[in-house]
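These notes are about the structure you will find just below.
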């Protein structure tokens, strides 16, 4: 399997599912657990990649896999690995896990099934903590919480904190590119102005940036223009990419950074909220070759994960915001490593995450915040 992890945003490396042994398939995962209930129809796979830094946190994906059980297993393995890296890079004392429930949610998702799933999560004794993902919602987590203590993501919308983290990462990238951690006077192109993209525009306007946007969903653009009539609008992502920008912020669909986009891109910095921005792993090198500074997506858009993790201690939005502010410092460190070792920032992010995984819990997200990332 190859592709991208939709939640952690890391490129998913190839998994050789032709390996003759189950242990070969599971590679470096600590534990992979299967459960079913004939009563409710539950069929679930939980992959625990690492608990080196703490319990494995990862969402529950409810999906009708065209490739059946084998595809579901591969997805769980890849996604749980990605969550380990994202949590480590965010400085969280958590590992990476993922659950996949097989089935079509509109048909198969029932309260009895969710309760059976919650009881299964409880039986794992806290090694795995679940949350929302594709096909599940905060109300689903409420049902699951009736059967287990090990669930989070019930507070709902985390788009504000996600946008804040992206803005912090963008300021760090601006400092690396131009020497100042500010977007004042810079032109930022935002592709996708839904929940996260819209909040990001608010922060950019406040920071003194000139903003140009595009979105295929016209009502989202109209709502944004009502709040910010000074924002420019173009009719397509292609037009935005070709525009005179300082920063390009992909905040919509994954795979936004293809070979063709990189060839046409005129921005100095790429930093956005979208998951899985690199269409393939080689795009990271192509960006570097063109002198375009890329702030890795799973580094800068960790605000949602940080909020979900904070719920484990009783959600305190001020505390979560302070932790998300450290995305500024982490992005600075990633870009420093990339420059020092002459490697793409995406590879530098992976290396920093691996160092933190090897260190175990207790390692701060980065050096103490120096100020600009706290804005």
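Using the structure shown, decide if residue 310 is within 20 Å of residue 164 (Cα to Cα), without any contact (Cβ under 8 Å) to a residue 40 or more places away in the chain and surrounded by 22 or more Cβ atoms within 10 Å (Cβ to Cβ).
Yes: the conditions hold for residue 310.
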Residue 195: passes all of (1) surrounded by fewer than 20 Cβ atoms within 10 Å (Cβ to Cβ); (2) over 18 Å from the mean Cα position of the chain (by Cα) but (2)
Are any residues in the range 104-122 surrounded by fewer than 24 Cβ atoms within 10 Å (Cβ to Cβ), under 20 Å from residue 34 (Cβ atoms) and in contact with a helix residue (DSSP H, G or I) (Cβ under 8 Å, 6 or more places away or on another chain), and if so, which ones? 109, 115, 118
Given (1) in contact with a strand residue (DSSP E or B) (Cβ under 8 Å, 6 or more places away or on another chain); (2) closer than 18 Å to residue 275 by Cα, residue 141 misses just (2)
Check 367, 349 and return the single one that is in a helix (DSSP H, G or I) and either under 16 Å from the mean Cα position of the chain (by Cα) or modelled with pLDDT under 95 (or both). 349
Go through (1) buried (at least 17 other Cβ atoms within 10 Å of the Cβ); (2) farther than 21 Å from residue 327 by Cα; (3) touching a strand residue (DSSP E or B) at 6+ places or on another chain (Cβ under 7 Å) and name the single condition residue 215 misses. (3)
Do we have residue 272 as assigned to a loop (DSSP other than H, G, I, E, B) and farther than 19 Å from residue 291 by Cβ here? no
Would you call residue 185 out of contact with any strand residue (DSSP E or B) (no Cβ under 7 Å at 6 or more places or on another chain), more than 24 Å from residue 46 (Cβ to Cβ) and surrounded by 23 or more Cβ atoms within 10 Å (Cβ to Cβ)? no
Looking at 153, 135, can you tell me which residue is within 17 Å of residue 309 (Cβ to Cβ), part of a loop (DSSP other than H, G, I, E, B) and touching a strand residue (DSSP E or B) at 6+ places or on another chain (Cβ under 6 Å)? 153
Could you go through the range 38-51 and let me know if any residue there is within 22 Å of residue 150 (Cα to Cα), modelled with pLDDT of 95 or more, under 25 Å from the mean Cα position of the chain (by Cα) and not in a strand (DSSP E or B). yes
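Can you give me the ranges of the helices (runs of 4 or more DSSP H) entirely in the range 169-268 with at least 3 residues that are out of contact with any helix residue (DSSP H, G or I) (no Cβ under 9 Å at 6 or more places or on another chain) and assigned by TED's automatic domain parsing to the domain that holds residue 293?
218-227
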For the range 113-124, check the following and say yes or no: at least one residue is touching a residue at least 60 places away in the same chain (Cβ under 8 Å), closer than 25 Å to residue 320 by Cα and not in a loop (DSSP other than H, G, I, E, B). no
Checking residue 292 against (1) within 21 Å of residue 174 (Cα to Cα); (2) at pLDDT 95 or above; (3) out of contact with any strand residue (DSSP E or B) (no Cβ under 8 Å at 6 or more places or on another chain), which single condition isn't satisfied? (3)
Residue 268 passes all but one of (1) at pLDDT 95 or above; (2) under 27 Å from residue 207 (Cα atoms); (3) under 20 Å from the mean Cα position of the chain (by Cα); which number fails? (3)
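The values are calculated or read from the model by the stated rules, or taken from the named source; none is laboratory data. What you see is a predicted model; the values in this text were computed from it and never measured. All Cβ positions, glycine included, derive from the backbone under ideal geometry; neighbour counts span all protein chains shown.
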